[in-house]
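The values are calculated or read from the model by the stated rules, or taken from the named source; none is laboratory data. Quick caveat, the model's predicted, so the values are computed rather than measured. Every residue, glycine among them, receives a Cβ derived from its backbone with ideal geometry; neighbour counts consider all protein chains shown. Keep in mind that these areas ignore ligands, DNA and RNA; they rest on the heavy atoms of the full protein, side chains included. Shrake-Rupley method; radii C 1.70, N 1.55, O 1.52, S 1.80 Å.
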4 protein chains.
Amino acid sequence: MLITLHQKTGPKELALLQCLLSSHGVGHCVSTTATQTVVGLESALEKSLLEEIQCLACVERVITTTTPYKLASRAFKKEKTVINVNGVEIGGQRIILMAGPCAIESREQLRSIAQEMKKSKVGVLRGSAYKPRTSPYSFQGMGEEGLKIHQEIQKEHGMLIETEVMDVRDIELVEDHVDILRIGARNMQNFNLLKEVGKCKKPVILKRGISATIEEWLMSAEYLMAHGNHQVILCERGIRTFETATRSTLDLSSVALVKHLSHLPVIVDPSHAAGRKDIIPALSKAAIAAGADGLLIEVHNQPAHAKCDGKQALLPEELHALSCELEDLARSMGRSL
Amino acid sequence: MLITLHQKTGPKELALLQCLLSSHGVGHCVSTTATQTVVGLESALEKSLLEEIQCLACVERVITTTTPYKLASRAFKKEKTVINVNGVEIGGQRIILMAGPCAIESREQLRSIAQEMKKSKVGVLRGSAYKPRTSPYSFQGMGEEGLKIHQEIQKEHGMLIETEVMDVRDIELVEDHVDILRIGARNMQNFNLLKEVGKCKKPVILKRGISATIEEWLMSAEYLMAHGNHQVILCERGIRTFETATRSTLDLSSVALVKHLSHLPVIVDPSHAAGRKDIIPALSKAAIAAGADGLLIEVHNQPAHAKCDGKQALLPEELHALSCELEDLARSMGRSL
Amino acid sequence: MLITLHQKTGPKELALLQCLLSSHGVGHCVSTTATQTVVGLESALEKSLLEEIQCLACVERVITTTTPYKLASRAFKKEKTVINVNGVEIGGQRIILMAGPCAIESREQLRSIAQEMKKSKVGVLRGSAYKPRTSPYSFQGMGEEGLKIHQEIQKEHGMLIETEVMDVRDIELVEDHVDILRIGARNMQNFNLLKEVGKCKKPVILKRGISATIEEWLMSAEYLMAHGNHQVILCERGIRTFETATRSTLDLSSVALVKHLSHLPVIVDPSHAAGRKDIIPALSKAAIAAGADGLLIEVHNQPAHAKCDGKQALLPEELHALSCELEDLARSMGRSL
Amino acid sequence: MLITLHQKTGPKELALLQCLLSSHGVGHCVSTTATQTVVGLESALEKSLLEEIQCLACVERVITTTTPYKLASRAFKKEKTVINVNGVEIGGQRIILMAGPCAIESREQLRSIAQEMKKSKVGVLRGSAYKPRTSPYSFQGMGEEGLKIHQEIQKEHGMLIETEVMDVRDIELVEDHVDILRIGARNMQNFNLLKEVGKCKKPVILKRGISATIEEWLMSAEYLMAHGNHQVILCERGIRTFETATRSTLDLSSVALVKHLSHLPVIVDPSHAAGRKDIIPALSKAAIAAGADGLLIEVHNQPAHAKCDGKQALLPEELHALSCELEDLARSMGRSL
């Protein structure tokens, strides 16, 4: 269940409502955005308590949901969410292309790739300054220096930029430097990170964990929303299965299903799913056909020398060719690139 | 390795070659089709034996392969295989639509559905007379009577028909009644069934097992081919993962990969993968975008009363709507429906 | 639901009961053993039909079950099933050791291994004459000749023997030669094979499919039982997961659970699960501790030259050492070896 | 590769070595414990660089490893690691029993459970003050207050205590209150958390992620060790598979394998693996038989009212009965409880 409050509800009235819920043992969380305050409840209210609450002056509406996620559900919001980032719409009619290197390695590398990306209808330049690596001995990312380079390139080229945030202690810094935050697959259930990013004012890409069910994925979106950030972009990136020909198994059913279950935009990362570049064009097309609102693709100008994941990176010219093919496909689906 | 033989090779020369291979402990299998005889070898030959064999008069060519599947590989055949079934091409420029009920339940049911299918560009009418069911107490299919009904409807409507064969003892009967045989997911590694169907003259749809790797799937195709049937249509139908929102997880990476690895046509069954009808249109489009040569979709005129899998069956009118959408999509990919 | 019939029920009365069920659309199967006739029903009966049936003279008892498997459930039979094979009990107080080579390769090989096995408390000599192989080019087993060798060795050494049956056409021959039939993991849902083996008089080992749920596994046991063979020995052999360090992931929870859910004996095959010999002793002990009634272990006298699965075979002396360790463990659990 | 340094190596010499490695692009990490300084290298050194380094005065030994984990491998340390926590040995001859409630809910609850645990040979009282919950609306743990209660009970009963740490910002507080830190399955690849806990002086239990391979699990142990904490206790708790009868699939092969690959102690959590209490005794016995050094079991005095995971909690008397059975089993394996 969800309780939406009237806009002018004061802190005292809210505190009273929370007291009432707590005294009945109802787990809840207050989600406050610029325009709305909603209280999400763990479970449905008993009839008498429900009636009592509906009589409170601050209560606007009580919304019944049958799913464990509330704010992320279509029951809370029927129309699809379109997120506007400095004029670029994500989740709208246009399909958004996000591309760039796995890791930011140097100013020259990022600049060179960014120049190419501009020519291929790329709206958001990807790049990680903090890298979650399986080995403690591997390159861990450029950190703050990488963020600065990213911001510089953004200013030079006028593209939006996105980057991963892995640590609660880095959030402020990351939010200061980029347009869109990204929570990686390994952190999808790092709940304290979700809570803190939930307090950010900037949109966040939430990658699906490699062993997360669709419901768990939406529950993690719910964490972000319950703590105040409703600008969530879901990102399917493949799940772990027995198949070893690909790094993960891209699950496009999840894209189709999430479109039914939730109002949030969904993008697809075919690069991490495949772990090999030969099938990225096919998977990108399939993702769009399945209803994805965008793609997140790894591109590198010198894949053989990439500090990580070079095997799955497209060359800038390969991305360019793909973007042309995607344009035709998008058009046939009544969308554009 | 593969050894292709000259067309006029006699049985004696072949026997001699086999003797030579066996005496060196090289596992092999002779694949004879109307136009060609090829001997597939378990492993690469040692240099001296290779030279000896290359000198034999009957030997046309020795083909080196790096994959465990030989006849199914692109190394054996560079150009894609197009299977012609009474004038209908599978694996060609046109995308083939196969649709119909899960099980043949009665003459009236199949006739009614077939009439509708004709209107929706369906080229092959699906329907099973033999049903592999998890429970011994569930409806096991109409058997021979179902095959007869299927054939009758075929004659009335002039469509191709396909059906599942589950038992080596039924192969002859099934081949007499239908145009295309189907080997179900549960039988993908029923090797004796593969060997016997390998001797059939009619094309065969080979479904991927729910826990089969792509390589194992191609190895099962190899069984069919090694025993003489080169008209193999691969069918992706989802793999078993931890996700429970769908019956299986449709793996479209497999479609893209198989197109690189093999020359055989690939179709997709979104119905069994999803196990629910709401996402079948999205998955169908994604399959085509990923490069599939066709679709195998379950349709029922009264899903609520279907004897099996009603939940995943489209209504005839829903299939019709989908086929229109697919036409646009196919066109954008340079194909037609 | 299950209907048990009085022992002297004639074919006419049975036919009448079946008619009654069919006319109400109730799927069912008659399971007749030497001592009992039971009718398994797909679903629970409606009240009025239930009352009508309970009044029939031939009906002894109607047993309600909440699980889809009926005859395999504890609801049908509370006490555990002990299968007596020529004096050797499977499922009783004693833990049964089954061991031998993966494939029967020659008389000398099998004889040599059998001699060693006798010294290590092995009660059943394993060995396959028919081999399901991923590649059509690999050794497919010695077939009938292998069965004959197996039987010869049995006579020489007085051990029980077991072997795999893969094809409905081989059942009679196999049943003539061995004491216990085995249905392999790949054939766990080869329903026609299950039906035919269900008519055999000899016990059958039913391996769990690599992607079968515990419920599906018990449903396949149900097929065997519903067709008349109640001497089913379940065999856990690992399931397919993302982990690649082992060939499959041995699921000992299944052993513990099946002991609650079913009355049938359960054994464990650590060799196919692990696919490597180093952890077979540890897994064998864990299996016994989890409650398994026996073990099925691959042993080879020359693993490096084995025609299949040599990597996972123990040497005879390694099995001997293991059997000593197992004896202590069994004793601590109130059992013996 | 690993480089061990002489004990008296000064900061300057170390800095020089690091410089040398960095200038050759070799990723590395310095692991300093009270008694030893080791430098772990991402990859093997080239011959000339290796020779140069071997000549440095500070270098004691260069250890070659074939695994991506270095400090966690048997190559680094042949004898098994025994961790001494205030006199209690983990990884030694005695099997350690850790038990207690999933979450700390109140002083009364924890005290009552702790009293019972003392009677059952429990050496470590488990309990979480911080709870990672799938839903933002669920009970998130008592936080600091829970830690204080935990410490109080520890003083009253003289048991060791362990608790989960989820957030880098809580580490200091947690380390001040408990004897053993625990990193949960969801945080197994929260690398920044690993780095910070790597700086702690207290032992840490590292749970295997539900979709982590054994190698990835050991790589996470490597993170802890590379940052200075060599007191790592691995904990198998089940992996995510297609099977739904249990919450996860307990993978006891991992226990057997890790014993070969690593010198670190391994314990097993059957409670989270099973997600149901009926098979916990069987799984506990299987774990010990597979070679585990201890168990981590959930116990609750009022499971029906537990704030989380009540379904999988044993009653104190059930744990008592189990501990008696485990004693016999341990003895048969040459160990004690």
Net charge, residue B:246 excluded, C-beta distance under 11 Å - Lys, Arg +1, Asp, Glu -1: 0
Threshold 50 Å², the stretch B:167-186 residues less accessible with all protein chains present than alone (1.4 Å probe): B:169, B:186
Gap separating the Cα centres of the stretch D:226-253 and the stretch A:176-199, nearest whole Å: 25
Residue-averaged beta-carbon neighbours from other chains (10 angstrom radius) around D:209-219: 5
At R0 = 41 Å, FRET efficiency that the Cβ-Cβ distance of residue C:35 and residue C:278 yields, to 0.05: 0.35
Most mobile listed residue (B:264, B:49, B:250) in chain B, GNM with C-alpha springs under 10 Å: B:49
Summed buried accessible area for A+C [probe radius 1.4 Å, Å², rounded to 100]: 300
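Report for chain B the percent antiparallel among DSSP-assigned beta bridges with both residues inside it, nearest 5. Provide the component values of the computation, followed by the final result.
Working: 17 of 44 bridges.
That works out to approximately 40 percent antiparallel.
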Cβ-defined net charge surrounding residue D:9, 13 Å radius [Lys, Arg +1; Asp, Glu -1]: +1
Residue-averaged [θ]222 nm for the protein assembly as shown, counting only DSSP H segments that reach four residues, each worth -39500 (n - 2.57): -10500 deg cm²/dmol
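When a/c is below 1.5 the answer is rounded, else prolate if a/b is larger than b/c, else oblate, so apply that to the protein assembly as shown with a ≥ b ≥ c taken from the square roots of the Cα gyration tensor eigenvalues.
Working: a/c = 1.30, a/b = 1.18, b/c = 1.10.
Because its axes are fairly even, with a/c under 1.5, the protein assembly as shown counts as rounded.
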Stretch in chain A that is longest and holds no GluC sites (Glu not before Pro) that DSSP places in a loop and that have at most 15 other beta carbons within 10 Å: A:80-337
Local net charge near residue A:91, Cβ-Cβ under 11 Å (Lys/Arg +1, Asp/Glu -1): 0
GNM flexibility winner over chain B from B:127, B:209, B:141 (Cα, springs under 10 Å): B:141
Per residue, in Å², the accessible surface of the protein assembly as shown once ligands and nucleic acids are set aside, probe 1.4 Å: 35
Cut-off under 5 Å, modelled amide H: who pairs with residue D:143 long-range: D:130
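Holding the Cα-Cα limit at 21 Å, pick out from C:131/C:207; B:70/B:259; B:148/B:277; B:12/B:201; B:202/C:131; B:47/B:70 the pairs that are longer than that.
Check vs 21 Å cut-off fails for B:148/B:277; B:12/B:201; B:202/C:131.
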Carbon/sulfur fraction of accessible area - the protein assembly as shown, other protein chains in place, 1.4 Å, %: 49
Residues residue A:93 and residue C:67, FRET efficiency given R0 of 60 Å [Cβ-Cβ distance, rounded to 0.05]: 0.75
Cβ charges +1 (Lys, Arg) and -1 (Asp, Glu), total dipole of the stretch A:133-255, debye: 220
Distance between the stretch B:53-122 and the stretch B:262-337 - C-alpha centres, whole angstrom: 17
Computed over chain B: relative contact order in percent, which uses C-alpha pairs under 8 Å that are six or more apart: 17
Cα→Cβ-extended label distance, 7 Å offset, between residue D:14 and residue A:244, nm: 3.9
Loop-located trypsin sites (Lys or Arg not before Pro) in the stretch C:201-306, at most 12 other Cβ atoms within 10 Å (DSSP): C:201
Projected label distance in nm at residue B:46 and residue D:321, using a 7 Å step from Cα toward the beta-carbon: 6.5
